[in-house]
Amino acid sequence: MSTPLATNSAVTGEFVSIDGERYYVIRNVDNIPPFFISVISDSDHWLFIASNGGMTAGRASPETALFPYITVDKIYESASHTGSKTLMRVDLEGQQDDWEPFNTEHNGRFELTRNFYKNAAGNKIMFEEINHDLNLAFRYRWVSSDSYGFIRHCELENLGPSSCSVKLLDGLQNLLPAGTPRFTQTNSSYLVDAYKWSELDEQTGLGLFTLFSAITDRAEPCESLKATTVFCLGLDNPKILLSNQQIERFRISAEVEHENHKRGIRGAYLVNTIVKLTPRSSKNWQLVANIEQSQTESVSLQHQLANPLALAKTIAQSVDKGSDTLARIMASGDGFQVTAEELVSVHHYANAQYNILRGGIFNNQYQLRSGDFSAAVKRFNIEVYHRHQALFASLPEQLDINQLLSTIEDQGDPQLERLSYEYLPITFGRRHGDPSRPWNQFEIKLKDDHGKPLLNYQGNWRDIFQNWEALLFSYPEFIESVIAKFLNASTADGYNPYRITNAGIDWEIEEPDDPWSYIGYWGDHQIIYLLKLLELSQQFHPDRLSGLLRKKIFSYANVPYKIKPFKALLENAKSTVVYDNDQAARIEQRVAKLGADGKLLPGPNGEVYQVNLLEKLLVPLLSKLGNLVVDGGIWLNTQRPEWNDANNALVGQGLSMVTLYYMRRYITFLKKLLTVQISAGDDEIKLSTEVSQWLVDTAAPLSNLPEHLGKGPISAELRYAVLAQLGEVASHYRETVYRQESFSGT
């Protein structure tokens with residue numbers, strides 16, 4: 001790759017082609033404050049890097065990191081001691097100069113240009129520093145491979161008319177050994193250093209970074225049997241250093257010594273050699289790092305390193321395969337488009353990409369794996385699973401989503417039908433979280449313990465449903481399944497739990513010693529998201545919702561929160577939710593016996609209590625109406641923010657107007673949906689007794705309002721009177737359901 005020598009300090013950006021691939025380059029990137037970048041792959045890699053080179057990376061989750069998982073501010077500060085490190089002693093026409101690319105402490109010594117590149121696909125980045133005084137350019141590029149981990153491609157290019165000799169020290173610093181617990185690394189990193197054991201396989205140059213023993217305070221032996229591995233390809237017989245202790249020796253022009261074993265200090269993998277460059281030539285090499293490698297995998301690497309050229313070719317093929325797989329994932333979510341402006345197309349791609357990363361992608365269009373479906377049923381409800389084992393055994397290995405729903409409906413078991421409707425064969429997604437949000441612990445689970453493909457998703461309520469809403473435009477046949485997942489996870493008092501996963505729902509538990517721990521209902525975006533899903537269903541499948549209005553295949557989440565009575569809400573709107581430890585214990589017992597369905601509201605017969613679609617659509621509406629302030633908005637009083645309104649986002653109090661506006665649109669939608677039923681002569685749909693009474697009691701105070709509207713401002717007295725009437729009605733309903741821990745029937 002050749003770079004022009006012209007210099008210009010202005011920060012500019014443009015699309016360029018490198019090795020046949022489109023990249024966006026920010027030139028003179030060091031003239032703007034450092035910024036944060038994420039790099040993805042088709043597999044379970046995660047890499048977060050700053051534009052100044054500071055980074056963290058690993059696979060699956062922060063628990064299995066290659067470089068320490070730290071917050072963004074610390075990543076910015078880590079560029080000098082974590083990740084890439086390069087030092088050069090350049091001999092050009094008899095004159096020697098020391099050059100350390102990307103070392104800001106050496107700014108001013110040379111005329112430099114620093115550029116940053118990221119490919120349009122989002123899985124490759126490149127740092128470039130051009131030394132105009134020495135006529136040299138150094139670049140390193142991060143890519144990934146499912147089989148080989150993280151690959152750092154390096155290139156040193158001679159841009160000038162004269163030959164030069166470069167004494168090189170290049171590599172990676174602060175490598176974590178396999179098995180390093182994140183909590184210990186974060187809170188007791190010096191203790192972790194004492195356990196570190198770094199050794200080199202002399203014959204192949206393979207670096208093995210391990211723990212001398214697993215870190216534990218128990219009086220028992222505990223072996224650490226996996227390694228972080230690093231090796232270098234492309235340099236002939238370099239000296240290899242396993243620590244950064246000799247960097248200062250290199251800086252003072254002393255010879256560094258080969259290291260084959262280091263203990264009790266932070267690991268590094270640095271290569272030292274001499275590179276000779278003729279005019280307009282370049283030298284390329286790569287460092288390859290992977291985590292959690294078993295003894296078998298490490299030995300396999302040793303064998304492969306016996307033929308470096310073949311291994312380099314295999315790695316390149318693996319990288320290309322990963323890029324192709326990522327492109328296919330993005331294509332299946334309609335991530336590619338062509339417009340007259342490349343920036344617009346890439347921006348759409350990036351939006352689609354991050355939507356898929358959080359919400360996932362449907363695994364194989366509309367084809368389902370019957371084995372995964374039956375496993376999901378078993379995970380949620382062991383009783384339902386046992387009574388339909390013969391059916392599961394008779395299903396073909398793969399079948400269409402509508403074929404599955406039709407087959408399940410023929411069984412006449414509403415519990416099984418509920419589970420089949422909310423089944424979502426999603427993969428590739430991960431709960432949102434990164435070093436800027438370290439409290440959100442992401443996990444990228446794409447394979448099971450045996451290396452087989454795994455269907456999995458997890459996300460906070462607000463995040464995952466907004467991602468799925470966009471995804472459904474590409475997969476409309478799953479719209480009603482997402483609606484079922486949404487509704488089956490909402491509570492009898494009209495709210496939603498904190499987190500949705502393929503293993504059920506989760507809620508927050510208050511921990512007095514953790515300042516980040518808090519409870520409360522996140523009702524944010526509830527009406528809005530549900531409405532948009534319903535409108536999508538009507539748009540693609542005009543008759544499906546009508547067919548579900550009477551069908552009792554929906555459930556209620558059984559979250560051990562209790563909203564206080566209305567009078568208590570008035571007394572202290574900041575303390576409104578109680579965590580019921582006894583109810584939580586009963587739920588745990590049900591989960592242990594039944595599966596994830598144990599977190600759903602049980603009926604009188606002990607099975608999951610099921611209701612029809614209309615009831616599930618009415619309950620969240622009634623819960624919002626129970627907090628209606630006429631001529632104001634919806635009172636937020638469940639201790640968690642309503643992100644619809646920026647003014648309320650932090651405190652979680654006040655009135656939400658956006659929710660109120662969408663409630664109007666929601667009611668209009670329900671009226672049209674029910675009008676179709678009434679016009680067809682189907683004017684009776686049964687509700688649970690308590691919900692039916694709540695609906696009647698809520699309508700009463702609202703029916704008296706029209707005569708007061710349009711006659712000037714609503715008085716404060718009237719606003720409070722209506723709020724109190726609606727609030728007491730909702731409070732009475734809640735207290736009844738809380739006391740019964742269920743409904744009395746229809």
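The values are calculated or read from the model by the stated rules, or taken from the named source; none is laboratory data. Predicted model only: the values in this text are computed from it and were never measured. Using ideal geometry, Cβ is built from the backbone for each residue, glycine included, and neighbour counts are taken over all protein chains shown. Heads up: the accessible areas ignore ligands, DNA and RNA and are worked out on the full protein's heavy atoms, side chains in. Shrake-Rupley method; radii C 1.70, N 1.55, O 1.52, S 1.80 Å.
Each label point was placed 7 Å from the Cα along the Cα-to-Cβ direction; for GLU21 and ARG550 their separation is 5.8 nm.
Restricting the range 211-280 to GluC sites (Glu not before Pro) that sit in a DSSP loop and have at most 14 other Cβ atoms within 10 Å of their own Cβ leaves GLU223, GLU255, GLU257. Highest average first, the peptides 283-296, 84-97 ordered by how many other beta carbon atoms sit within 10 Å of their residues are 283-296, 84-97. For the range 390-549, the fraction of alpha-carbon pairs lying more than 27 Å apart is 32 percent, rounded to a whole number. Relative to one another, the C-alpha centroids of the range 489-505 and the range 660-699 are positioned 23 Å apart. Sequentially through the range 125-135, phi angles give Karplus couplings (6.51, -1.76, 1.60; θ = phi - 60°) of 9, 9, 9, 9, 10, 10, 9, 6, 6, 8, 6 Hz, Gly and Pro residues having no value and appearing as x.
Note that the range 127-207, at 20 °C in a medium of 1.002 mPa s, gets a Stokes-Einstein diffusion coefficient of 131 µm²/s from its Kirkwood radius over C-alpha pairs.
Between the helical axis of 370-380 and the dominant principal axis of the chain, each derived from Cα atoms, what acute angle in degrees is found, rounded to the nearest 10? Helix 370-380 sits roughly 60 degrees off the main axis of the chain. Solvent exposure of the chain amounts to 44 Å² per residue of accessible area, where only protein heavy atoms count and the probe is 1.4 Å. Normalised by residue number, the volume inside the convex hull of the Cα atoms of the range 296-415 is 200 Å³ per residue. The mean of 1/r over all distinct Cα pairs in the range 174-302, once inverted, gives the Kirkwood hydrodynamic radius of 15.9 Å. Straight-distance candidates among the lysines for linking to LYS567, with alpha-carbon spacing under 22 Å and chain neighbours fewer than 8 residues away dropped: LYS624. If the cut-off is a Cα-Cα distance under 19 Å, which aspartates and glutamates reach LYS74, setting aside same-chain residues fewer than 8 apart in sequence? Straight-distance partners of LYS74: ASP30, GLU63, GLU105, ASP193, ASP434. Tell me, rounded to the nearest percent, the portion of alpha carbon pairs in the range 349-479 spaced more than 26 Å apart. Within the range 349-479, distances greater than 26 Å cover 28 percent of Cα pairs.
Hey, what angle do you get for helix 689-703 against the long axis of the chain, alpha-carbon based, 0 to 90 degrees rounded to 10? Around 80 degrees separate the two axes. Estimated from helices alone, the mean residue ellipticity of the chain at 222 nm is -10500 deg cm²/dmol (sum of -39500 (n - 2.57) over DSSP H runs with n ≥ 4, per residue).
For the range 11-16, 3J(HN,Hα) computed residue by residue from phi via the Karplus equation (6.51, -1.76, 1.60; θ = phi - 60°) reads 7, 9, x, 6, 8, 9 Hz, glycine and proline entered as x. Cross-link reach is defined here as a Cα-Cα straight distance under 18 Å, omitting same-chain residues fewer than 8 places apart; for LYS226 the lysines meeting it are LYS196, LYS262. Scoring 394-404, 613-623 by mean Cβ neighbours within 10 Å over their residues and listing the highest first yields 613-623, 394-404. Ranked from largest, the principal axis spans of the Cα set of the range 268-365 equal 47, 44, 26 Å. Would you mind checking LYS485/LYS671; LYS239/LYS445; LYS564/LYS686; LYS321/LYS532; LYS564/LYS616 for any pair whose Cα atoms are more than 31 angstrom apart? Flagged as over cut-off: LYS239/LYS445; LYS321/LYS532. How many angstrom lie between the C-alpha centres of the range 309-366 and the range 24-60? Each part reduced to its Cα centre gives a spacing of 18 Å. Here the chain is treated as an ellipsoid with the same Cα gyration tensor; its semi-axes, largest first and in whole Å, are 56, 28, 25.
Using only Cα atoms, locate the centre of the range 584-612 and the centre of the range 166-189, then give the distance between them in Å, rounded to an integer. If you average the Cα positions of each part, the centres end up 46 Å apart. Taking only the C-alpha atoms of the range 315-358, the Rg (one decimal) and the largest Cα-Cα distance, Dmax (whole number), read 11.7, 36 Å. Computed over neighbours whose Cβ is under 15 Å from that of TYR76, the net charge equals -4, Lys and Arg +1, Asp and Glu -1.
Size descriptors for the range 8-96, from the alpha-carbon set: Rg then Dmax equal 16.4, 50 Å. Loop-only check: which chymotrypsin sites (Phe, Trp or Tyr not before Pro) in the range 422-472 are DSSP coil with at most 15 other Cβ within 10 angstrom? Hits after loop and neighbour filter: TRP439.
Against the chain, whose longest principal axis is taken from its Cα atoms, helix 657-679 shows a tilt of about 60°. Percent of accessible area on the chain owned by carbon and sulfur, 1.4 Å probe? Carbon with sulfur: 51 percent of the solvent-accessible area.
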